[in-house]
Amino acid sequence: MSTENEGNNEGNAVPPAPSAPPVPVDAPAASTHPEHGAPPRPGPHPGSQEGDATAVLPPVPSGTTDGASAVPGAEPGAWPPPPPPATPAYANGSGAGWGSTYQQPAPKSGGGRGGLIAAVLVAALVAGGVGGGIGYWAADSNDSSTGSTTVSASQSGGDFKRDAGTVAAIANQALPSTVTIESESGSGEGGTGTGFVFDKQGHILTNNHVVAEAVDGGKLSATFPNGKKYDAEVVGNAQGYDVAVIKLNNAPADLKPLPIGNSEKVAVGDSTIAIGAPFGLSNTVTTGIISAKNRPVASSDGSSSGKASYMSALQTDASINPGNSGGPLLDANGSVIGINSAIQSASNGLGGTGQSGSIGLGFAIPINQAKNVAQQLIRTGQPVYPVIGASVSLEEGTGGARITEKGAGGADPVEQGGPADKAGLKPGDVITKIDDTAIDSGPALIGEIWTHQPGDTVTLTYTRDGKTNTTEVALGEREGDS
């Protein structure tokens, strides 16, 4: 990995989860594998794999992996991924070791629709069985009875008014501004994810891994809850941040952007509301709380490059599944505080399909960071990353972010004249803090640095020869994904 990326491949590609304790994550991926018994149908469908939309990250192994093909000899896209190598690499990482790899989408020849079709069929069968049983019981009961003592309830149904601030009221306001995104590559691969209205000009904010397949010559569409569907195009995408902006073609004039909150003010225990298309089931609303902040998470963008994305995430127990990726995480006021991006999963899903479900560990990109990235993408189409100009190890057990002795590709581990060099940092130094935030690994360092802006000055605490030191570093910048 290059010093620009702040990580050292050291022969691998995806870092181990740096959270303390390490947190394995799954970028909730869309459901592309039809369940047994559900016949596949051709053509795209909102229920297709999220090829992207909530990439599911597998359990964090002791080491790091290079994503779907982190281990030599492993076939790309293999699921579950093979055991990760001892040292993960950021440049080509997929997030498997530390945040679990993103599952490559399957060809759309029927597989895309399979997930939704299977889910709907299962629901229909359950409902049908219950309904049939109740119907028979009611008929038999009526035949054998001579009278009725049934009392009919009021027919008011759901006409009563929901008070402002209730989940129902917030969902009613937010749903019209969320969309289900269908992404398709030139070869026909793709999936389904979620996004939300960012401004009145038709910009939609989502995850990079939701639209990665359509970046080069692919197709995109966004469907609103009222059924209106619009073609769209990618304005800009940031693989490292896992943020992307798309724009609707012929956007309607009555778009209502979701209000943007302040993720810095979020506290553990605050209520959360997540909106998305889990397993292709569009416009699904779930609730929970903020269960942790500043959680280091790495995941893959779902592209063929398999590069890792890093975030200092908001953790929530709101139910998030493949297909939720790119959707808004709202606070109790209905303001967006994060973009749902990844989940930790305990299994590979039913029937070995690789589609894992929520176990109450979801991760969202803080909206303060995502907003800055989105605005940059709208202005220039390219992301800008703050850097310290040093290559750090991505392996676990270093007690911090250790500056490597050798840089990736023969480059200097500490860039000459770069921010780290000017601050006096040297190979072998172990960075343990950025300002007041503890750092326990290379990925944690990268995620925390990326919450800042180029030019910001941060205080780094590091150890050298058993002694603790501090130094101030003025962050440099790197434009574009490398």
**Request:** For an R0 of 45 angstrom, estimate the FRET efficiency from the Cβ-Cβ distance between Gln201 and Ala411 and round to the nearest 0.05.
**Result:** 0.65
**Glu396 - accessible surface, heavy atoms, 1.4 Å probe, Å² rounded to 10** = 60 Å²
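Are there any trypsin sites (Lys or Arg not before Pro) in the stretch 165-238 that are in a DSSP loop and have at most 12 other Cβ atoms within 10 Å? List them by number.
Qualifying residues, ordered by number: Lys228.
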**Request:** For an R0 of 45 angstrom, estimate the FRET efficiency from the Cβ-Cβ distance between Asn333 and Thr468 and round to the nearest 0.05.
**Result:** 0.60
**Message:** Students often forget the sequence filter, so: which lysines lie under 28 Å Cα-Cα from Lys467 once same-chain residues fewer than 8 apart are removed?
**Reply:** Lys406, Lys422, Lys426, Lys433
**Complete:** Net charge near Pro383 (other residues with Cβ under 10 Å of its Cβ; Lys, Arg +1; Asp, Glu -1) is -1
**Complete:** Computed over the stretch 397-460, protein heavy atoms only, probe 1.4 angstrom, the accessible area per residue in square angstrom equals 42 Å²
**Fill in**
Once the in-chain neighbours fewer than 8 apart are removed, the lysines whose Cα is under 16 Å from Lys265 read Lys293, Lys371
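May I ask you to derive the FRET efficiency for Asp216 and Glu479 from their Cβ-Cβ distance with R0 = 25 Å, giving the value to the nearest 0.05?
With R0 = 25 Å, the Cβ-Cβ based efficiency is 0.85.
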**Prompt:** So, counting K/R as plus one and D/E as minus one, what does the shell of residues with Cβ under 14 Å around Asp465 add up to?
**Reply:** +3
**Complete:** Listed by chain and number, the lysines with an alpha carbon less than 26 angstrom from that of Lys161, same-chain partners under 8 positions apart left out, are Lys256
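The values are calculated or read from the model by the stated rules, or taken from the named source; none is laboratory data. Predicted, not measured: the structure shown is a model, and the values here were computed from it. Neighbour counts run over all protein chains shown; Cβ positions are idealised from the backbone, glycine included. Ligands, DNA and RNA are excluded from the accessible area calculation, which covers all protein heavy atoms including side chains. Shrake-Rupley method; radii C 1.70, N 1.55, O 1.52, S 1.80 Å.
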